[in-house]
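The values are calculated or read from the model by the stated rules, or taken from the named source; none is laboratory data. The structure displayed is predicted, hence computed values, not measured ones. Note that each Cβ is placed from the backbone with ideal geometry, even for glycine, and that neighbours are counted across all protein chains shown. SASA here: full protein model, heavy atoms, side chains in, ligands and nucleic acids out. Shrake-Rupley method; radii C 1.70, N 1.55, O 1.52, S 1.80 Å.
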Amino acid sequence: MAPLRFSANLSWLFPELSGFPARLRAAGSLGFEAAEIGWPYAEPPEALARAAREAGLRVLRPILSAGDREKGENGLGAVPGRQAAFREGLEQAVLYAKALDCSRIHLMAGRVPKGADRAAVRSEMEIVFLENLRHAAEVLAQENLVGLLEPINTRITDPRYFLDTPQQAAAILQKVGRPNLQLQMDLFHWQIMDGNLTGNVREFLPIVGHVQVAQVPGRGEPDSPGELNFSYLFQLLEDEGYTGFVGCEYQPRGDTAEGLSWLRSYWEMRGRPQAGQ
């Protein structure tokens, strides 16, 4: 059983630092092997790639364009009438992924249209999502890239998000049937929507391409007060043979580096040398 590897989500961590290059340097200096950037598009891809190389970090995923966020869009994959914008966003994400030598792209589903009944539009939105995912799978296959589907909870984070449970995401992946589309397991969202994390981890891990963590319900560090026992969950992932990265997608309660005591403890227990040693 190999120890888990962790990546720093720089759209969340190091809010005390301005700009992704500075956050990349900080993550590298603290011992991370990889980084995630949720919204990289404000920075030129070449500048990000250079900063990542200098920090000694792999970049795991840029996110697909979320559409017009000022108009309340949060992804476009399942949104009727926005197929052309979805494809444009996919092209941009692939451009960044290639520049950053990143192998995975998060294909965001998007929100149920404002004022619409979720049950009434579910079938139409799924048809649109399947169409867009088949197109995305073909585009990504040409570049040897993997697309990730992430259920986002609709109880706290985004009440109108279309894709909200691992069961729904797994069923859609099965209907698309493309090997380069996988599931993104964010334990924060999964606990809020469905619980049963032991059973769900064991059931869905074979189709999982990436894992993310945060405490529930406050979305803080894994060792902050909350519902989840991460010592158990990390051991579970090890026991089940997970070999990918675990993304730290949480809101630091204070200074990011000081809040990483949980990770330093994990590394110490697994016999990994600390940064600077």
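Residues are listed down the side, and each one gets a yes or a no for (1) of a type in the set (D, E, K, R); (2) out of contact with any strand residue (DSSP E or B) (no Cβ under 9 Å at 6 or more places or on another chain); (3) more than 26 Å from Ala137 (Cα to Cα):
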{"residue": "Arg5", "(1), (2), (3)": "yes, no, yes"}
{"residue": "Leu17", "(1), (2), (3)": "no, yes, yes"}
{"residue": "Ala27", "(1), (2), (3)": "no, no, yes"}
{"residue": "Leu30", "(1), (2), (3)": "no, no, yes"}
{"residue": "Arg53", "(1), (2), (3)": "yes, yes, yes"}
{"residue": "Arg61", "(1), (2), (3)": "yes, no, no"}
{"residue": "Lys114", "(1), (2), (3)": "yes, yes, yes"}
Exactly one of Ala214, Ala257 is in contact with an Asp or Glu (Cβ under 8 Å, 6 or more places away or on another chain) and either at pLDDT 95 or above or open to solvent by less than 10 Å² (accessible area, probe 1.4 Å) (or both), and that one is Ala214
I'd like to verify a number: residues in the stretch 238-260 that are in contact (Cβ under 8 Å) with a residue 40 or more places away in the chain and either closer than 15 Å to Phe188 by Cα or among the small types (Gly, Ala, Ser) (or both), how many? 10
Might you check whether a residue that is touching a Pro at 6+ places or on another chain (Cβ under 7 Å), surrounded by 15 or more Cβ atoms within 10 Å (Cβ to Cβ), part of a loop (DSSP other than H, G, I, E, B) and not charged (D, E, K, R) occurs anywhere in the stretch 233-246? no
Test Gln251 against the criterion of being surrounded by fewer than 17 Cβ atoms within 10 Å (Cβ to Cβ), closer than 23 Å to Thr157 by Cβ and of a type outside the set (Val, Ile, Thr), and give yes or no. yes
Pairs, please: C-beta under 8 Å, at least 6 apart or cross-chain, first residue basic (Lys, Arg) and in the stretch 122-144, second open to solvent by less than 80 Å² (accessible area, probe 1.4 Å) and in a helix (DSSP H, G or I)? Arg134/Val176
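Determine, yes or no, whether Gly56 is closer than 20 Å to Arg253 by Cα and either within 17 Å of the chain's Cα centre (by Cα) or not polar (S, T, N, Q) (or both). Reasoning before the result, please.
Numbers: closer than 20 Å to Arg253 by Cα: no; either within 17 Å of the chain's Cα centre (by Cα) or not polar (S, T, N, Q) (or both): yes.
Criteria not met by Gly56.
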I'm checking my understanding of the structure. Among residues of the stretch 165-185 that are over 18 Å from Val112 (Cα atoms) and in a loop (DSSP other than H, G, I, E, B), which one is most open to solvent (accessible area, probe 1.4 Å)? Pro179
Hey, can you tell me all the residues within the stretch 18-46 that are within 18 Å of Ala99 (Cα to Cα), of a type in the set (Gly, Ala, Ser) and at pLDDT 95 or above? Ala34, Ala35
Can you find, within the stretch 148-164, the residue that is surrounded by the fewest Cβ atoms within 10 Å (Cβ to Cβ) among those that are within 14 Å of the chain's Cα centre (by Cα) and in a strand (DSSP E or B)? Leu148
